[in-house]
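Written out below as C-alpha cells is the structure these notes cover.
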C-alpha cells in the first residue's frame with residue numbers, strides 16, 4: 001500500500017492494520033535489543049582517533065611554549081588550545097575560555113553563577129529575582145532544558161521553523177525583563193538538524209532584550225559536523241553581536257566530544273573579553289585549571305582547522321551510511337503514507353520525525369516492546385512534554401548499519417501501527 | 001649572635017641590625033628571582049610519573065570491564081577508579097564519586113549546590129537563608145576560605161592547635177544553626193602540617209551541629225603524602241561519622257594532584273551513599289561524565305594502594321631534602337633568636353612559620369625586595385587578614401634544593417631584619 005493512510009477506506013485501513021500488526025509481531029519475536037536513544041559516536045569513530053592517546057608521550061611533549069601543562073595554573077586554558085578553538089569558531093583566542101571534557105558543564109556553570117553571583121551586566125544575582133524565564137526553541141536539546149528547569153526557571157517554548165527559532169515570537173518575548181536568555185543550537189540543531197538562516201542569525205544578534213544580562217546560550221555543538229557535502233562556513237556570532245551593540249549578550253559553546261572522545265574531550269566557551277575576564281575571576285575560585293595535558297593532547301592531534309576538517313571527513317564517511325539508512329528507509333516506508341514529516345539534515349547527530357499528533361508516545365512504546373530503545377517521547381520539549389505528542393528524535397550514530405537497519409525497520413512498523421490504531425479507532 | 005633578640009642589650013640589637021641589614025643588602029644585590037609561593041610539585045616529580053602518559057595507548061586499553069571510557073556515561077566515575085580511591089581512603093567504592101582534575105571543583109560545586117538547590121538534609125537552599133556562617137580553622141588553606149567568601153558566607157576563625165582545630169570552640173559554635181559547615185585538612189594540614197589527633201577526629205565525628213545540613217568539608221588532600229617516615233594510617237571519617245549518628249555530615253575530598261599531575265589528575269568526593277545518590281542526580285544535570293579515559297589512565301598507572309604508596313616514597317625522596325633544607329636552616333638561623341616558632345611536619349606541602357606579632361607583612365615585603373616570592377601574608381586566614389600579622393606559609397616543593405637554600409636564606413635574613421627593625425624602634 002503506498003497511498004496516504006488518510007485516503008484509505010475503512011476496509012483498506014483494517015486490512016493494512018492486520019498486515020502491519022503481523023509484521024510487527026514477527027519483529028517482536030526476534031527478541032531484538034537495539035539502541036537509538038543517544039547521540040553517541042560508534043566504536044569505529046572512537047577507534048579513528050586512537051593516535052591521540054599517545055601524541056603526548058614524554059615530558060618534553062608536555063610544554064606549550066614555557067607552560068608545563070602538567071603543573072598548576074592557566075585557568076583560561078593553554079594558549080595553543082585557545083588558538084585552535086578560535087580558528088574553528090572564527091573568533092579571537094582571547095575570547096576563548098577552555099574547559100574540561102564537557103561544554104554542558106561550562107553552560108551549567110554559567111547559569112549557576114548567574115544565580116549565585118550574577119553575570120557581568122546583572123543588577124543582582126538571579127536567585128534574588130522573583131522570576132526567571134528562559135526561551136527554549138523546541139524541539140530542542142533535553143539537557144539544555146533540564147539545566148534551566150533544575151534552577152526553577154519558567155521554560156518558554158518557542159516554535160522552531162526550517163530557518164531557526166520563530167523570531168517574531170522571540171522579539172516579542174524578550175521585551176519581558178524576566179526573560180533572561182535563550183538556548184540555541186544554531187548549526188545542525190538538536191534534534192532537527194536545521195541550520196539557522198543568515199536572516200535569523202542577524203535578527204538574534206540585533207535583539208534588544210529588556211534584561212541587561214540576557215544570556216544567549218549559543219551552543220555550536222555541531223559547528224564542524226557535516227556528514228554530507230563540504231564544510232559550511234558559519235558566521236562568528238561574537239562579532240555579529242558586537243556589531244549589533246550586544247557585545248556581552250552571547251556565550252558560544254563547543255567541544256571535541258564528537259571530534260575525538262565524548263568521555264575525554266575538551267570544551268570551550270567563547271565570549272567577549274569583558275565576559276571572559278568577569279567569568280575567569282569567578283571560575284578561578286572553583287578550579288586552578290582544567291586538564292591542560294588533555295588540552296595540549298588535542299592541539300597536537302588536531303593541529304589546526306584544515307587538519308580537523310580532514311578528520312571530520314573521516315567521521316562523515318562513517319556517519320553518512322547510517323543517516324542515509326534512516327533517511328532512505330523513512331522515505332521509502334513512511335513518506336508515502338502521510339503520517340509523518342522530517343527534515344533531511346546534512347550534519348549533526350539526529351533526525352527528528354514529526355508524526356501526526358498523538359502518535360509519538362505510542363510509537364515509542366511499540367518500539368520498546370519490540371526491543372528498540374529510543375529517546376523518550378517529549379524529551380525534546382520543555383518539561384519533557386510535547387504538546388502535540390508528535391516529535392521523535394532518532395539517534396542513528398551508535399549502532400552499526402546492519403543493526404540500525406533493523407532498528408529503523410522496527411520504528412517504521414511501530415509508527416505505522418500507531419497511526420493505524422488511531423485511524424481505526 | 002645566638003642569644004634571643006629580646007635578651008639583647010640596645011647596643012647589641014643595634015649592632016645586629018647593622019650586620020643583618022648589610023647581609024640583606026648583599027643578597028638583594030644578587031638580583032634573585034625565586035618562588036616559594038605555591039604548593040606546586042617540582043619538575044623532577046612530574047617527570048617521575050611520565051609512564052602514565054602512555055599507559056593507555058590503544059583502543060583495547062580503553063575499557064573498564066564492558067565500559068568504553070572513551071564514550072559518554074558513568075557520571076559517578078568508572079568502577080575501577082572508585083575501587084582505587086576507596087582503598088586509598090579506607091571507605092567503600094559506592095561511597096566514592098570520581099571527578100575531574102580538581103578536588104577544589106568538587107568542593108566548590110558542593111557549596112554551590114547547597115546555595116542553589118540545598119544539600120540532602122537542607123530545609124531550604126542556602127541562598128534562601130538569612131545568614132550562613134562557616135568555620136575556618138586558621139591558619140588554613142586560602143582557597144577553602146575563598147570559596148566560602150565568594151558565596152558571601154561569614155567566615156568564623158577557629159584556632160588551630162597542635163592536635164587540630166580547637167574543639168571546645170567548635171562544639172560551642174556549631175550550636176548556632178547558621179553555622180553550616182567547617183573546612184578541615186585533617187592530615188598534614190595546610191599550612192601547619194598538623195595531623196589531627198584521634199581525639200580531635202572523634203570529637204568532630206560526634207559533633208551535634210544545630211544545622212541539619214552541616215557540611216564537614218574533610219579535605220584529605222595529603223592522605224598519602226608523607227615525606228618523612230612510613231605511611232601513617234588514618235581513620236575512615238565516613239565510618240566514624242556513621243557510627244556517631246552523623247552519616248550524612250561528612251564530605252571527604254582527595255585527588256592525585258600531588259601523586260601524578262596537578263594539571264591533569266583525578267579527584268574524588270567520598271560521602272554516604274545517600275549523599276552520593278542525591279548529589280549524583282544534581283551533577284547529572286551539569287555533566288554526562290568527567291574524563292573517564294584519564295580515570296582509567298590513573299588506575300592502570302597507580303594500580304592499587306601498595307603500588308601508589310611505593311610511588312609516594314619516590315616523591316618523598318625528592319621532597320625530603322627540600323623540607324629538611326628549610327627546617328634545618330630555620331633551626332640554625334631562627335630558632336635561637338626567639339622570634340618565630342613552627343611545626344616540624346613529616347608530610348604535606350608546607351611549613352608554616354609563626355613570627356612574633358606584627359612581623360609577617362614586613363618580612364614578606366623584604367623577601368620581595370630581595371627577589372623571593374612567598375604566599376602573601378594573611379592568606380592563611382579568613383578574608384586574608386591575620387589578626388596577629390604573624391603567620392607565613394613556606395612552600396618549599398617547587399624550587400630545586402640549591403635555589404631553595406638561597407630563598408630560605410633570604411627569608412631568614414628578612415625575618416631577622418623585620419624583627420630587629422621592630423625591636424629597635
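In the protein assembly as shown, how does Rg compare with the Kirkwood Rh, expressed as the Rg/Rh ratio over alpha carbon atoms?
In the protein assembly as shown, Rg relative to Rh is 1.03.
Please give the FRET efficiency for residue B:328 paired with residue B:10, using the beta carbon to beta carbon distance and R0 = 35 Å, rounded to the nearest 0.05.
Rounded to the nearest 0.05, the efficiency is 0.65.
Is the shape of segment B:66-305 rounded, prolate or oblate, going by the alpha carbon gyration tensor and its root eigenvalues a ≥ b ≥ c, with a/c under 1.5 for rounded and a/b larger than b/c for prolate?
Taking the square roots of the gyration eigenvalues as a ≥ b ≥ c, segment B:66-305 is oblate.
Arranged by the count of other C-beta atoms within 10 angstrom, fewest first, what order do A:272, A:189, A:197 take?
Least crowded to most crowded, the residues run A:197, A:272, A:189.
Taking residue A:175 in one copy and the same position in all the others, each labelled 7 Å out along Cα→Cβ, what are the pairwise distances from the first, in nm, shortest first?
Those label-point separations list as 5.9 nm.
In whole angstrom, and with the biggest value first, how far do the Cα coordinates of chain B range along each principal axis?
Computed over the Cα atoms, the extents are 76, 53, 32 Å.
Let me know the shape class of segment B:1-88, please: from the alpha-carbon gyration tensor, a ≥ b ≥ c as square roots of the eigenvalues, rounded when a/c is under 1.5, otherwise prolate if a/b is greater than b/c, or oblate.
prolate
To the nearest 0.05, how large is the calculated FRET efficiency for residue B:313 and residue B:208 if R₀ is 51 Å and r is the Cβ-Cβ distance?
So the FRET efficiency works out to roughly 0.80.
For chain A, what does the helix formula give at 222 nm: sum of -39500 (n - 2.57) over DSSP H segments with n ≥ 4, over the residue count, nearest 500 deg cm²/dmol?
Mean residue ellipticity, 222 nm, calculated: -12500 deg cm²/dmol.
Distances from residue B:9 to the same position in the other copies: list them in nm, one decimal, shortest first, using label points 7 Å from Cα along Cα→Cβ.
13.0
How would A:145, B:350 line up from fewest to most surrounding beta-carbon atoms within 10 angstrom?
In increasing order of surrounding Cβ atoms, one gets A:145, B:350.
How far is it, in nm, from the label point at residue B:29 to the one at residue A:25 when both lie 7 Å from their Cα along the line to the Cβ?
That separation, rounded to one decimal, is 10.4 nm.
Looking at chain A as a GNM with Cα springs under 10 Å, which of A:399, A:382, A:139 has the largest mean-square fluctuation?
Of A:399, A:382, A:139, the most mobile in the Gaussian network model is A:399.
Of the residues A:369, A:172, A:252, which exhibits the maximal mean-square fluctuation in a Gaussian network model of chain A defined by a 10 Å Cα contact cut-off?
Result: A:172 has the largest fluctuation of those listed.
By count of other Cβ within 10 Å, fewest leading, how are B:147, A:385, B:250 ordered?
A:385, B:147, B:250
Among bridges DSSP assigns within the protein assembly as shown, what percent are antiparallel (round to 5)?
50
To check you understand DSSP bridge types, tell me what percent of the beta bridges within chain B (both residues inside) are antiparallel, rounded to 5.
50
Which whole number gives the average count of other chain Cβ atoms within 10 Å of the Cβ atoms across peptide B:280-293?
Per residue, the number of nearby Cβ atoms from other chains is 6 on average.
Measuring label to label, 7 Å along Cα→Cβ, what does residue A:320 give against each other copy in nm, shortest first?
For residue A:320, the other copies' label points sit at 6.3 nm, shortest first.
Using 1/(1 + (r/R0)^6) with R0 = 25 angstrom and r between the beta carbons of residue A:199 and residue A:273, what's the FRET efficiency to the nearest 0.05?
My answer for the efficiency is 0.35.
Please build a GNM for chain A, connecting alpha carbons under 10 Å apart, and tell me which residue among A:104, A:282, A:327 fluctuates the most.
Highest fluctuation among the options: A:282.
Calculate the all-directions average of the projected area of segment B:96-168's alpha-carbon convex hull, and give it in nm².
Convex hull of Cα atoms, orientation-averaged projection: 6.4 nm².
Return the percentage of antiparallel bridges among DSSP beta bridges fully within segment B:66-305, rounded to the nearest 5 %.
Here the antiparallel bridges make up roughly 35 percent for segment B:66-305.
On a full-extension model of 0.36 nm per residue, what is the gain between residue A:178 and residue A:57, subtracting their alpha-carbon distance, rounded to one decimal in nm?
Stretched fully, the residue A:178-residue A:57 segment lengthens by 38.4 nm.
Output the direction-averaged projected area (hull surface divided by four) of the convex hull of the alpha-carbon atoms of segment A:212-361, in nm².
The directionally averaged projection comes out at 12.9 nm².
None of the figures in this text is laboratory data; all of them are computed from the coordinates on show. Here the structure is a predicted model, which means the values were calculated and not measured. Ideal geometry is used to build each Cβ from the backbone, glycine not excepted, and the neighbour counts take in all protein chains shown.
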